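Structure first, commentary second.
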Amino acid sequence: MYTVMNPISIFLADDDRDDREIFMDALSELPIETSVKQFENGVDLMAELYSGNPLPDTIFLDLRMPLMDGFECLSDIRNIPELSEIQIIIYSTSYNQNEVDQLKEGGANQYIKKPNSYNQLKTILYKSLRPFQNTSSRKNDALNFSVIV
């Protein structure tokens, strides 16, 4: 007998439609079963988190979004006990060490600089999501803070 794994539940918050499409394409090629909800801004993401619907295992969070940016989302999420076990992976086009330090201090679990190569993106996503394949690793200790640039 084998165990049936639930898909890894992912929320992707990124205002760039092209980046979301590339993310979804790369994710679909991985040997990991996922379920993804997409958001164009932080306000919509936070509304879903507050809605009472099932929470995700992880959030891929862009930093530079209209209405509510990734820094604000991270702060709000980490200040709500019911949301504290959600893994937050910052997913950004920029890399600034001071910002990375601030995000780590603010409770982010991982920082990924969006790669220029599609194959690199697939590799990075696989490395980021592989720990979640084990259901018992889907809690807050699944990732030690890491940076992938």
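Trypsin sites (Lys or Arg not before Pro), restricted to the range 1-99: which are DSSP loop and have at most 16 other Cβ atoms within 10 Å?
R64
Ranked highest first by average number of other Cβ atoms within 10 Å, how do 6-15, 122-131 line up?
Listed from highest to lowest mean packing, they are 6-15, 122-131.
Would you calculate the volume per residue, in Å³, of the smallest convex hull containing every Cα atom of the range 4-57?
So the per-residue hull volume is 62 Å³.
Between the range 1-64 and the range 94-121, how far is it from one alpha carbon centroid to the other, in angstrom?
Value for the Cα centre distance between the two parts: 17 Å.
Go through 93-106, 47-60 and give me the packing order, highest mean Cβ count within 10 Å leading.
Highest-to-lowest ranking by the protection proxy: 47-60, 93-106.
Take the chain, drop everything but the C-alpha atoms, weight them equally and run the Debye formula without solvent; then report log10 I(q)/I(0) at 0.10 Å⁻¹ to two decimals.
-0.31
Under a Cβ-only charge scheme (Lys and Arg +1, Asp and Glu -1), can you give me the dipole magnitude of the chain about the Cα centre, in debye to the nearest 20?
Dipole of the chain, to the nearest 20 debye: 560 debye.
Each value in this text was obtained by applying a stated rule to the coordinates, not by laboratory testing. Computed from a predicted model, the values in this text were never measured in an experiment. Here the Cβ is made from the backbone with ideal geometry for all residues, glycine too, and neighbour counts use every protein chain on show.
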